[in-house]
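Novice: Sharing a structure with you now.
Every read-out reported here was derived from the displayed coordinates using simple, explicitly stated rules and does not represent laboratory data. Keep in mind that this is a model prediction, so the values were computed, not measured. When we count neighbours, we look across all protein chains shown, and the Cβ atoms used for this are built from the backbone with ideal geometry, even at glycine.
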Amino acid sequence: MDLVKLATTHPILTLQFRLEPDLVLVRQRARQISDLLGFDDREQTRIATAVSEIVRNALGYAGGGTIEFQLDDDSRREALLIRISDSGPGIRELDAILEGRNRSGMGMGLAGARRLVDQLRIESVPGRGTTVWLRKFLSRRASSFPLQRLSSIDEQLRAPLNPFDEIKRQNQELLRTLEELRKHQEELAQLNRELEDTNRGVVALYAELDEKALHLKQADEIKSRFLSNMSHEFRTPLNSILALTRILLDRLDGDLTPEQAKQISFISRSAEDLLALVNDLLDLAKVEAGKLTVQTTTFELKELFGALRGLLKPLLLNERTTLIFEDPADIPPLHTDESKISQILRNFISNALKFTECGEIRVSAEMVSDENAVILSVADTGIGIAPEHQTLIFQEFAQLDSPLQKKVRGTGLGLPLTKKLTEFLGGSISLKSELGIGSTFSVKIPLRYPESVKDFLASKLGGRSGRLLIIENGPDVSPAFEELLKDSGFQVLQVRNLKEAQEKSRQRRPVAVLLNIPSEQECLNTLTGLKSDASLGQIPLLVVTGTVEDQAKATALGADACCMRQASKEQLLKTLDHVVRESSAKILIVDDEEISRYVLKEFLVSLGHSVIEAQGGEEGILLAREHQPQIIFLDLMMQDLSGHEVLDRLAMHRMTEAIPVIILTSKVLTEEEHQSLAAKAVTILSKSVLAKEDKGVKLQEALLKAKVEGTI
């Protein structure tokens, strides 16, 4: 029913209000009427408060109005309907007020009243007044209110009211509310104490879990080392056993009886099974230890399917089972590790052959164009896998119980290894299976495995990058140099004198300085100032001169290289490349662990870098100030100074504040420590990277990042 439809309403009381005392009377009547209609004390207070808020607005903005109390029985539940109207200026921003975007007094009153009743509606026309309808449904027990009782209500309403009674009642309600708030506050305090106790328990539990996690991690590392070492140790005797059984079965040392041949074939088969288990364990250990490498090649799936068809044909001993390879004609060439893709499919097909007594095994490929990937699937019509076991089979050493399963029980490592190989190639694995109908194992593999960044990084490290600081004050030479150095890879910074060069170099460290001042004496004076300046003296300096005599003078004063102003772009860049290359290989290693310094130094020297070693933090700070290295490798755990202290002291000195730092440490960092160090260092590496096969890629990536950040 529409809130303003009054066709089946029954009037109870109409009042006029003009003055502030009328507000108390209206509130009393609202409470009295709601009491007579069966509302409880709480609802009476809500109704009286809502009415007083609207009436207060009408008094304040319109100077008074009329309030009508009515009984509405036109809906499924009877309701008290209250109509408050005035002839004031109306409300101009009604929508904003109702949405809570207007914070005037009227807005607060209307918003508060709206929360206290079941329905509220306003009609307002600027200049013609405002009408507000409030509806509050009668409680269930008070519904079906007898209309004949309205006459008795009318009689009770005729009795005069004492306004002090309302004030007294409001005070009582306020006291009750304060008491309830006090109780709620006590309950909240109790709850907070319980939460504090719970939090302490949770913190203790987390500490225990962290300790358990550390123990599990250590146990896992021990397991991986054990599997790796023992797998290597097992392979040699197993291969020897297989070789000896082959000699015996081939009758190279004499004939065998049928029973002897049978026994030796059992030995050979058991050795093959054990060797397969050892190989799977070794592959798993490699994956977990991060020692598995990807050998990317470009190949066609059609050729891979053909090779697998020929390889697996001898395993197809059951004539009732058919192995089908669908033609992958629409699949583009893959650029990933072919041997690992082959191993994944062999595992899938081998499992399908084991558990498919009759029917077919279908190998297919499907292109996923929007993801630039291919889905390789092996579907069989075998025994299938129950839903509750479909997660279990990807766990190591898991075995399912079934009559067919017992005949062909395997190692329980094939599918876990396949899953890890798939993820290692950047893919994902999935399974669809129904018991008694068959299974479909699928892997989604990127068409192109992300290329090793080694060559890219090496080329970047050897290419042009960084800032070139040009000091020149001749008006006619700047455009020429801008053209010569265009697209060279260098970021050109131009200044006009030594003072500007000093300021600019401290803010944005250049890889080289080019001095081009036409005045011979001024050029030589600037050159002398550059070489005597602590912040610029270690930076390679190229001087542009007009004569051979000027070149000789510049070289005598310490210029690293000279070129003529008439030099071509190729000659200028060749000279710049030479001076930058000669000076850009100065790296400082700060570490009190000799073995770590040795391993890192050997690698850096192999790249052509010049390496300086410091056996502790204090020595590292002194050498950094003395030699001005381009990059610093810093350990965190040292006896004399911690890496944190070294970082702070480097940042505090103007000669070392701009040198990029790479942290190489064996310390296990907390999240807070990592965030703190990340703000001070270029990158953070674990010393474990020095023992890995891909250490070259990791370290060159860090070097590239340091060079880039050092020239920002």
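Novice: Give the long-range amide H neighbours of residue 336: residues separated by 5 or more places, or on another chain, with amide H under 5 Å away, using H modelled in the peptide plane at 1.01 Å from N.
Specialist: Distant-sequence amide H within range of residue 336: 297, 299, 449.
Novice: Can you tell me the equivalent ellipsoid semi-axes for the stretch 529-577? Use √(5λ) from the Cα gyration tensor, largest first, whole Å.
Specialist: Semi-axes, largest first: 20, 14, 7 Å.
Novice: Count charges around residue 434 for me, please; just the other residues with Cβ under 15 Å from its Cβ, Lys/Arg as +1, Asp/Glu as -1.
Specialist: Numbers: positive: 432; negative: 380, 388.
Every neighbour counted, the sum reads -1.
Novice: Right, another one. For the stretch 527-656, with the dipole built from +1 on Lys and Arg beta-carbon atoms and -1 on Asp and Glu ones, taken about the Cα centre, which of 628, 527, 604 lies farthest toward the positive end?
Specialist: Selected residue: 527.
Novice: Another one. Quick one: which of 313/444; 302/354; 313/419; 340/586 span more than 32 angstrom between C-alpha atoms?
Specialist: Beyond 32 Å: 340/586.
Novice: Now a separate question. What ranking do 564, 638 get, fewest neighbouring Cβ atoms within 10 angstrom at the top?
Specialist: Lowest count first: 564, 638.
Novice: Further question: May I ask for the net charge around residue 63, where only other residues with Cβ less than 12 Å from the Cβ of residue 63 are counted and Lys, Arg are +1 while Asp, Glu are -1?
Specialist: Here the count lands on -2.
Novice: Counting other beta carbons within 10 Å of each residue's own, what order do 592, 118 fall into, fewest first? Write out the running numbers ahead of the final one.
Specialist: Details: 592 18, 118 12.
Fewest-to-most ranking of 592, 118: 118, 592.
Novice: Where q = 0.10, 0.16 Å⁻¹, what log10 of I(q)/I(0) comes from the Debye formula for the stretch 586-710, counting one point per Cα?
Specialist: -0.26, -0.70
Novice: Let me ask something additional. Rank these for me by crowding, 492, 378, going from fewest to most other beta carbons within 10 Å. Walk me through the numbers on the way to the answer.
Specialist: Values: 492 16, 378 23.
Starting with the residue having the fewest Cβ neighbours, the order is 492, 378.
Novice: Sticking with this one: Skipping prolines and chain starts, which residues have an amide H placed within reach, meaning under 5 Å, of the one on residue 611, given they are 5 or more residues away or on another chain?
Specialist: 587
Novice: Taking H as built 1.01 Å from N, whose amide H comes closer than 5 Å to the amide H of residue 514, not counting residues under 5 places away?
Specialist: 469, 470, 471, 542
Novice: Shifting gears a bit: Taking K and R as +1 and D and E as -1, what net charge do the other residues with C-beta under 10 Å from the C-beta of residue 39 add up to?
Specialist: With Lys, Arg at +1 and Asp, Glu at -1, the neighbours total 0.
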